[in-house]
Amino acid sequence: MTFQIKPVTICDTTHLDLLLEADPNIQLIESYLEHGYLFEAILNDKIVGIISLSLTNKTTLEVNNISVHSTYQNQGIGLNLLAFADEFAREHHCKWLDIFTGSTSIGQLYLYQKHGFRIVYVDSDYFIRHYSENIYENGIHLQDRIALRKELSNI
């Protein structure tokens with residue numbers, strides 16, 4: 001499967017729907033879109049995935065949001081988007097790539113660790129503090145956010 005990753009110039013409803021699949025808080029999405037970079041994965045002229053990145057400081061790039069359309073999941077698109085984030089971070093001379101996810105996001109935790117991320121801390125009750133509605137994932141009430149970090153080599 002060959003697809004392209006390219007910058008998003010105008011965030012439309014297709015992009016927003018994908019972003020909301022990974023993060024149901026529209027205010028948080030709008031805040032990181034204001035000062036970040038948005039890229040789409042295109043396959044046969046269709047948007048199949050999206051990734052939002054932002055520089056948190058001179059040495060760290062954060063993956064704010066990553067989402068792959070359900071029809072195209074488990075086909076390597078997510079891993080390719082993360083590899084793209086690695087390269088983008090290196091191009092911006094970053095040493096670290098950070099990503100955050102819910103403690104109940106079993107598939108995402110698997111993907112991120114498979115890509116070389118390591119858990120660095122747990123932000124207890126993050127989703128209680130930042131989301132007005134309860135979120136249930138994999139039959140579990142989501143409460144805590146897990147921070148993961150990957151050290152990037154200069155090679």
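The values are calculated or read from the model by the stated rules, or taken from the named source; none is laboratory data. Predicted model, so just to flag it, every value in this text is computed and none were measured. Don't worry about glycine lacking a Cβ; one is built from the backbone with ideal geometry, like all the others, and counts go over all protein chains shown.
Just checking: which of the strands (runs of 3 or more DSSP E) contained wholly in region 1-94 hold 3 or more residues that are crowded, with 18+ Cβ neighbours inside 10 Å and more than 14 Å from the chain's Cα centre (by Cα)?
Working: elements: 4-7, 37-43, 46-57, 60-68.
Per the criteria, no element qualifies.
Taking the criterion of being in a loop (DSSP other than H, G, I, E, B), more than 23 Å from Pro7 (Cβ to Cβ) and in contact with a Lys or Arg (Cβ under 7 Å, 6 or more places away or on another chain), would at least one residue in region 117-139 satisfy it? Explain how you work it out, then say what you get.
Let us first name the residues in region 117-139 that are in a loop (DSSP other than H, G, I, E, B), namely 117, 124-125, 131-134, 138-139.
Still in the list and also more than 23 Å from Pro7 (Cβ to Cβ): 117, 124-125, 131-134, 138-139.
Among the residues that remain, those that are also in contact with a Lys or Arg (Cβ under 7 Å, 6 or more places away or on another chain) are: 117.
Taking every residue of region 117-139 in turn, at least one turns out to be in a loop (DSSP other than H, G, I, E, B), more than 23 Å from Pro7 (Cβ to Cβ) and in contact with a Lys or Arg (Cβ under 7 Å, 6 or more places away or on another chain).
Criterion first (under 24 Å from Leu142 (Cα atoms), loosely packed, with under 13 Cβ neighbours inside 10 Å, at pLDDT 95 or above and not charged (D, E, K, R)) does Tyr110 satisfy it? When the stated conditions are applied, Tyr110 does not pass them.
If you go through region 44-87 and pick out every residue that is over 25 Å from Glu30 (Cβ atoms) and among the β-branched types (Val, Ile, Thr), you end up with 2.
Just checking, which of Asp144, Asp98 is at pLDDT 95 or above and either β-branched (Val, Ile, Thr) or more than 14 Å from the chain's Cα centre (by Cα) (or both)? I'd like the intermediate steps shown before the answer.
Numbers: Asp98 fails: either β-branched (Val, Ile, Thr) or more than 14 Å from the chain's Cα centre (by Cα) (or both).
Every option except Asp144 fails the conditions.
Does at least one position in region 78-86 carry a residue that is among the polar types (S, T, N, Q) and within 18 Å of Tyr110 (Cα to Cα)? There is at least one residue in region 78-86 that is among the polar types (S, T, N, Q) and within 18 Å of Tyr110 (Cα to Cα).
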